[in-house]
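Engineer: Sharing a structure below in structure tokens format, with a few things to ask.
The values are calculated or read from the model by the stated rules, or taken from the named source; none is laboratory data. Fair warning: this is a prediction, and the values are worked out from it, not measured in the lab. A quick note on method: Cβ atoms are made from the backbone with ideal geometry, for glycine too, and the neighbour counts reach across all protein chains shown.
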Amino acid sequence: MSIWSCEIMCSNCGNTESVHNSLSEISDVAKRWGSFGGALYCPKCAATWHERNKKPMSDYENTFTVIFFKMIRRYNEQQEVSNDSPKD
Ligand SMILES: [Zn+2]
């Protein structure tokens, strides 16, 4: 099984973090990062979210889902690339 990872980016400051393909790692990152709808926020920007916005962030389940679907999309892209390679 190949190891692959996905980079997530903060929608506010552009900070990135690599997440590897394990549910425990996605869960760990989702506990530290925050989200609002489909946008992700790094731990630093999640901590100051309330100073910048008047509404609460999305919950942990939403953050987990956003990261999880980003990884699935990244995985599908990699599959397409390898399918495009010449066969012989
Ligand atoms: Zn940030």
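Engineer: Could you check the range 12-57 and list, in sequence order, the residues that are under 11 Å from the mean Cα position of the chain (by Cα) and within 11 Å of the ligand (Cβ to nearest atom)?
Structural biologist: Once the filter is applied, which keeps residues that are under 11 Å from the mean Cα position of the chain (by Cα) and within 11 Å of the ligand (Cβ to nearest atom), the range 12-57 yields T16, E17, W33, G34, A39, L40, Y41, C42.
Engineer: Still on this structure: Here is a list of conditions, (1) modelled with pLDDT under 95; (2) surrounded by 12 or more Cβ atoms within 10 Å (Cβ to Cβ), and S58 meets all of them except one; can you say which number that is?
Structural biologist: So S58 meets the others, but not (1).
Engineer: Scan the range 6-26 for residues that are among the small types (G, A, S) and in contact (Cβ under 8 Å) with a residue 24 or more places away in the chain and report the count.
Structural biologist: So the count comes out to 1.
Engineer: Looking only at the range 11-27, count every residue that is of a type in the set (A, V, I, L, M) and touching an Asp or Glu at 6+ places or on another chain (Cβ under 9 Å) and tell me the total.
Structural biologist: Restricting attention to the range 11-27, the residues satisfying the condition of being of a type in the set (A, V, I, L, M) are 19, 23, 26.
Narrowing further to those that are touching an Asp or Glu at 6+ places or on another chain (Cβ under 9 Å): 19.
Number of matching residues: 1.
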